[in-house]
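See below for the structure under consideration.
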Amino acid sequence: MSLPVRQIRAVFTTSTITVYQAFPAAIGIPAARTGRFPTAFDRERMTWIKPSFHWMMYRSDWGRAPGQERVLALEITREGFEWALARAVESSYRPRLHPSRDAWRRELRRGEVRVQWDPERDAALRPLPWRALQVGLRGEAVRRYADEWLVSVSDVTALAGEVRRGGGRGAPVELPYPLPEPVAAAIGATG
């Protein structure tokens, strides 16, 4: 199956998109119970959200990595997600997007949203030839994410274990996310 190299694939509705994060139990359990981040969630540091279930499983070792024992599916507004992407700076320098490496570094330091394209993973967590998106949020972006965009929080740690034991069966079905063209261009998305 041939896919565009940089395409967001996700679970989404007409108004929301599901992203994933993994946390220690002190954050993950209360967040799933209340649908909100507890005070233990550090709003002062960058937090990374991932639309790809398998990339989250790779990053958290199926919810078994230290400090990432609770895997959460966070449904957020598409409006908020696209707000973040429209303001994002890529983690890697790309000459066609920035006049110089120094200009990119300045933008990266000032920016509150960072995007990074990493190899997508299959059900065995092997790298695939196309990329999955990670979005880093800090400052105002974290506040908006936690206080305005969050629609629901589900603990999918048990699902992660079931999918791992089932060789990928039962994983969420992720479809190409329809980005507005200016946003796709800003983050280097293709297809």
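The values are calculated or read from the model by the stated rules, or taken from the named source; none is laboratory data. This is a predicted model, so every value here is computed, not measured. Note that we place each Cβ from the backbone using ideal geometry, even for glycine, and neighbour counts take in every protein chain shown. Surface accessibility is based on the protein's heavy atoms, side chains included, excluding ligands, DNA and RNA. Shrake-Rupley method; radii C 1.70, N 1.55, O 1.52, S 1.80 Å.
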(request) Could you run through region 15-72 and say how many residues are closer than 25 Å to ARG169 by Cβ and in a helix (DSSP H, G or I)? (result) 10
(request) Starting from region 168-190, take each residue that is without any contact (Cβ under 8 Å) to a residue 12 or more places away in the chain and list its partners that are open to solvent by 40 Å² or more (accessible area, probe 1.4 Å), counting only C-beta distances under 6 angstrom and pairs at least six apart or across chains. (result) GLY170/GLU162
(message) Checking the condition without any contact (Cβ under 8 Å) to a residue 24 or more places away in the chain and loosely packed, with under 13 Cβ neighbours inside 10 Å, which residue from ARG105, ARG64, ARG96 passes?
(response) ARG96
(message) Can you go through PHE41, PHE53 and tell me which one is touching a Ser or Thr at 6+ places or on another chain (Cβ under 9 Å), open to solvent by less than 20 Å² (accessible area, probe 1.4 Å), modelled with pLDDT of 95 or more and farther than 29 Å from ALA123 by Cβ?
(response) PHE41
(message) I'm trying to understand the selection: among the residues of region 102-135, which are among the basic types (Lys, Arg) and either assigned to a loop (DSSP other than H, G, I, E, B) or under 30 Å from LEU159 (Cα atoms) (or both)?
(response) ARG114, ARG121, ARG126, ARG131
(request) Only one of these is surrounded by 18 or more Cβ atoms within 10 Å (Cβ to Cβ) and modelled with pLDDT under 95: VAL89, VAL5, VAL11. Name it. (result) VAL89
(request) Check off (1) more than 16 Å from the chain's Cα centre (by Cα); (2) surrounded by fewer than 16 Cβ atoms within 10 Å (Cβ to Cβ); (3) more than 30 Å from GLY166 (Cα to Cα) for MET46 and give me the number that stays unchecked. (result) (1)
(message) For the list (1) modelled with pLDDT of 95 or more; (2) surrounded by 14 or more Cβ atoms within 10 Å (Cβ to Cβ); (3) out of contact with any Asp or Glu (no Cβ under 7 Å at 6 or more places or on another chain); (4) not in a loop (DSSP other than H, G, I, E, B), I need the number of the one condition that ALA171 fails.
(response) (4)
(request) Considering only residues that are hydrophobic (A, V, I, L, M, F, W, C) and closer than 26 Å to SER15 by Cβ, look in region 108-133 and name the one that is surrounded by the fewest Cβ atoms within 10 Å (Cβ to Cβ). (result) TRP117
